[in-house]
There are 2 protein chains.
Amino acid sequence: MPKISKKAGAMPPSPIRKLVPFAEKAKKEGRKIYHLNIGQPDIESPQVMLDAIKNSNIRVIEYSHSAGNESYRRKLAAYYQRFSMPVNMEDIIITTGGSEAIAIAMMTCFNPGDEIIIPEPFYANYNGFSCAADVIVKPIRSSIESGFALPPVSEFEKLITPKTRGIMICNPGNPTGYLYTREELEALKAIALKHDLYLLSDEVYREFCYDGKQYVSVMHLEGADNNVILLDSISKRYSACGARIGALISKNKEVMAAALRFAQARLSPPTFGQVGAEAALDTPQSYFDTVLKEYTMRRDFVIEALNKMDGVFCPKPSGAFYCIARLPIDNADTFCQWLLESFNHDGQTVMLAPATGFYSTPGAGLDEVRIAYVLNKNDLQSAMNCLEAALKVYPGRKVDSKTKAAIS
Amino acid sequence: MPKISKKAGAMPPSPIRKLVPFAEKAKKEGRKIYHLNIGQPDIESPQVMLDAIKNSNIRVIEYSHSAGNESYRRKLAAYYQRFSMPVNMEDIIITTGGSEAIAIAMMTCFNPGDEIIIPEPFYANYNGFSCAADVIVKPIRSSIESGFALPPVSEFEKLITPKTRGIMICNPGNPTGYLYTREELEALKAIALKHDLYLLSDEVYREFCYDGKQYVSVMHLEGADNNVILLDSISKRYSACGARIGALISKNKEVMAAALRFAQARLSPPTFGQVGAEAALDTPQSYFDTVLKEYTMRRDFVIEALNKMDGVFCPKPSGAFYCIARLPIDNADTFCQWLLESFNHDGQTVMLAPATGFYSTPGAGLDEVRIAYVLNKNDLQSAMNCLEAALKVYPGRKVDSKTKAAIS
């Protein structure tokens, strides 16, 4: 029997999806599960988007241009310009989700064995794409105590070797919800220029910035055109994760020409997704206002509920729709599996993503989970009730010194 | 300025798409172009498929399962079973087009530097996917004189080294239209088993077999379950290239588990494509009967027209909707570009794919082109008129000895 490749053996399972079989079993047993494990919002996609697909009147579902439909790219450039990002049509390749933008960027920029520095915790699938591209992730630890702010430049400098070829960030951050400041982005630009590194930025949560805070893109940085690559997706913006439409964006002509060759090999991004995405650019501002209000409310509710629980700590995020909470538990993987396998709170349980999968440092994040606040408030309330009840009875609960003192 | 990767530099442009800028220019100048360069059929997608997308009533465009919707996989397994292929739901991962099935199979099965043997001419993008996976293609030449039949087993044996890990075929063949016999497939199986190789088979043209000839799949081969990987797509079957729905299929559990991890990293295949693809499984047989009749007529017309032209030779294919024709020209790349840049036949010209891109042996296929007979008969007639007229005036025309004798 032929062997699978070394890469295939090393490819990590998705920490967000690996517990799915346990969830399926729990559902079959009749338990209701609150899914806080995956960034799949319950918000409806914009009507204008759904209508465009319904009324597209396509008779032959044809290939599109490998870089995506020209009409869509033209309109998308105007969208970025509204954010003061100097993006033109020719700077854009439409991809099959943000995922493909990451995969193509990795193959375009990095040789096998090259190193990229990524602040951790980071979006778990960066591990998978790095593995697929034989790129080595060098994590740089951001701490829950500082709300996952960017580590100081000196910490980056310590990690730079002759093999370092890039830095990758997610802003606003998944899984941390952290929103980088202009100062932090300028610091990253300085490192990238000094060491001739690519600066890859995943900005799919652009529309989810709270408390009136300013969003700063890598495309706002001046004098770094050849270093900067923006990775984007419509999945969260329009609650359209299944459309599989993203974009790879750069002013670096050589990068774009090479990326297009990878795009040509896979022919084209999905037709219906593009039709919907183009129409979605006409989504009225009121849609986003409503969504932002809803998520602000959800965030406030979840963060407050978490921090009220015994032994739980969760910094308040300024962006995206995730938070990382530290729980009084021995092992997040065991705990999240136990929630699905063994826990039952009035016929309900909650599914969380163990944070271990968002770190590449072994052993990091053992007592942390990622929570996606993508459900309505009632469901979030029930989910928090489940979590609170679970933490009281979980066999691997760590008793903190204060509680220990009270008990003894 | 940071450098692009070596792989990105080596990544070949699509030979089918690299002439697109010249075609765009010709169109802007007002010339009509008959596109025989790309396998983009003009046939309408099945009504049942289009209706399903129109009426899907999706409110939130959600992620699907990374392996594809369970309802679709279940129904798709039944489709294969109608071809007597022993495929079950758990043997299937739905991919974003056949392209992604190839990309995932390459990463799953092969290490960087591993060799795969592919009979050439082969589908040009196999070069791109091999390059992306750092796999070395070892071409084995099939000849136009034999209609591109499988080269003898002894020729395969000559190419096998300790690095050889797989054989890849396309059946029915793109770009050759060749349909492998059971004997040829049994021969491939014997080599695969003897040398412990993966046998990858791209069978996206299953529905396009002519003259009542029998289609034999690698899934029909007995005792090779761990070696065989089927790569499939709905693009041609339902004239739905833009749906971007394919499948990776194998009975090898280890391969499927690893492939799923790659699939998880990219989250899910497109939602609307899956909705359409599932509905398309109910396409009435009359649709395929009509399509087959149409393509048989087109094939017969094109092959006859080509072979009537001075100095042109084109074997009659038994499957797919392509043929490779040998033309009396110096250089297919130059000729195909000249057709777009400099040729004008009553305001019209024809776009062909130079066959050089379908060979990996340098210099092979220099006087060959691939023709996709994907237009209606009137357009095919006009296209053949263009080609015949072009061959008379093309500056790089090679005069064969017979003509030369007549001239002198």
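The values are calculated or read from the model by the stated rules, or taken from the named source; none is laboratory data. All values reported here derive from a predicted model rather than from experimental measurement. Every residue, glycine as well, gets a Cβ built from its backbone with ideal geometry; the counts of neighbours run over all protein chains shown.
Before moving on, here are some points about what is shown:
- Looking across the stretch A:79-104 at every residue that is crowded, with 19+ Cβ neighbours inside 10 Å and of a type in the set (D, E, K, R), the one that is nearest to the other protein chains (Cβ to nearest Cβ) is identified as A:Glu100.
- Boolean, A:Ser71 is more than 10 Å from chain B (Cβ to nearest Cβ), touching a residue at least 40 places away in the same chain (Cβ under 8 Å), farther than 29 Å from B:Glu70 by Cβ and more than 21 Å from the chain's Cα centre (by Cα): yes
- Test: residue in the stretch B:168-185 that is under 30 Å from B:Leu292 (Cα atoms) and within 14 Å of another protein chain (Cβ to nearest Cβ): yes
- The helices (runs of 4 or more DSSP H) falling completely within the stretch B:292-408 that include 1 or more residues that are polar (S, T, N, Q) and within 28 Å of B:Ser130 (Cα to Cα) map to B:332-341.
- Inside the stretch A:255-272, residues that are surrounded by fewer than 24 Cβ atoms within 10 Å (Cβ to Cβ) and small (Gly, Ala, Ser) make up a count of 2.
- Candidates A:Leu221, A:Leu188 - the one that is aliphatic (A, V, I, L, M), more than 11 Å from chain B (Cβ to nearest Cβ) and closer than 20 Å to A:Leu76 by Cα: A:Leu221
Let's see how each residue does on (1) assigned by TED's automatic domain parsing to the domain that holds B:Thr296; (2) touching a residue at least 12 places away in the same chain (Cβ under 8 Å); (3) assigned to a loop (DSSP other than H, G, I, E, B):
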residue: B:Ala23; (1), (2), (3): yes, yes, no
residue: B:Lys27; (1), (2), (3): yes, no, no
residue: B:Ile33; (1), (2), (3): yes, yes, no
residue: B:His65; (1), (2), (3): no, yes, yes
residue: B:Tyr79; (1), (2), (3): no, yes, no
residue: B:Val87; (1), (2), (3): no, yes, yes
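- Taking the conditions (1) among the polar types (S, T, N, Q); (2) surrounded by fewer than 20 Cβ atoms within 10 Å (Cβ to Cβ); (3) outside any helix (DSSP H, G or I) in turn, A:Ser45 satisfies each one other than (2).
- Restricting B:Ser239, B:Ser250, B:Ser217, B:Ser201 to residues that are closer than 30 Å to B:Val291 by Cβ, in contact with a Cys (Cβ under 9 Å, 6 or more places away or on another chain) and either buried (at least 24 other Cβ atoms within 10 Å of the Cβ) or in the same structural domain as B:Ser142 (by TED's automatic domain parsing) (or both) narrows the list to B:Ser201.
- Residues that are within 13 Å of B:Ala259 (Cβ to Cβ) and assigned to a helix (DSSP H, G or I), drawn from the stretch B:89-104: B:Glu90, B:Asp91, B:Glu100, B:Ala101, B:Ile102, B:Ala103, B:Ile104
- A:Arg266 being under 22 Å from the mean Cα position of the chain (by Cα) and not small (Gly, Ala, Ser): no
- Extreme residue, farthest from A:Asn307 (Cα to Cα), among residues of the stretch A:105-160 that are without any contact (Cβ under 8 Å) to a residue 12 or more places away in the chain and either within 14 Å of another protein chain (Cβ to nearest Cβ) or not in a helix (DSSP H, G or I) (or both): A:Pro152
- Total residues in the stretch A:244-272, condition in contact (Cβ under 8 Å) with a residue 40 or more places away in the chain and in a helix (DSSP H, G or I): 10
- Checked against (1) within 21 Å of the chain's Cα centre (by Cα); (2) free of Cβ contacts under 8 Å to residues at least 24 places away in the same chain; (3) farther than 19 Å from A:Leu179 by Cα, A:Ala277 meets all criteria but (2).
- Residues that are of a type in the set (Asp, Glu) and under 20 Å from the mean Cα position of the chain (by Cα) were ranked within the stretch B:6-63; the one that is nearest to the other protein chains (Cβ to nearest Cβ) is B:Glu44.
Residues are listed down the side, and each one gets a yes or a no for (1) in a helix (DSSP H, G or I); (2) within 24 Å of A:Pro41 (Cβ to Cβ); (3) in contact with a Pro (Cβ under 7 Å, 6 or more places away or on another chain); (4) modelled with pLDDT of 95 or more:
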{"residue": "A:Arg165", "(1), (2), (3), (4)": "no, no, yes, yes"}
{"residue": "A:Ile169", "(1), (2), (3), (4)": "no, yes, yes, yes"}
{"residue": "A:Pro175", "(1), (2), (3), (4)": "no, yes, yes, yes"}
{"residue": "A:Glu183", "(1), (2), (3), (4)": "yes, no, no, yes"}
{"residue": "A:Lys189", "(1), (2), (3), (4)": "yes, no, no, yes"}
{"residue": "A:Ser201", "(1), (2), (3), (4)": "no, yes, no, yes"}
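- Which listed residue is over 17 Å from B:Val87 (Cα atoms) and either part of a loop (DSSP other than H, G, I, E, B) or touching an Asp or Glu at 6+ places or on another chain (Cβ under 7 Å) (or both), from B:Gly212, B:Gly223: B:Gly212
- Residue identified as hydroxyl-bearing (Ser, Thr, Tyr) and modelled with pLDDT of 95 or more among A:Ser56, A:Ser71, A:Ser14: A:Ser71
- Restricting the stretch B:237-292 to residues that are hydroxyl-bearing (Ser, Thr, Tyr) and within 9 Å of chain A (Cβ to nearest Cβ), the residue that is nearest to A:Gly98 (Cα to Cα) is B:Ser268.
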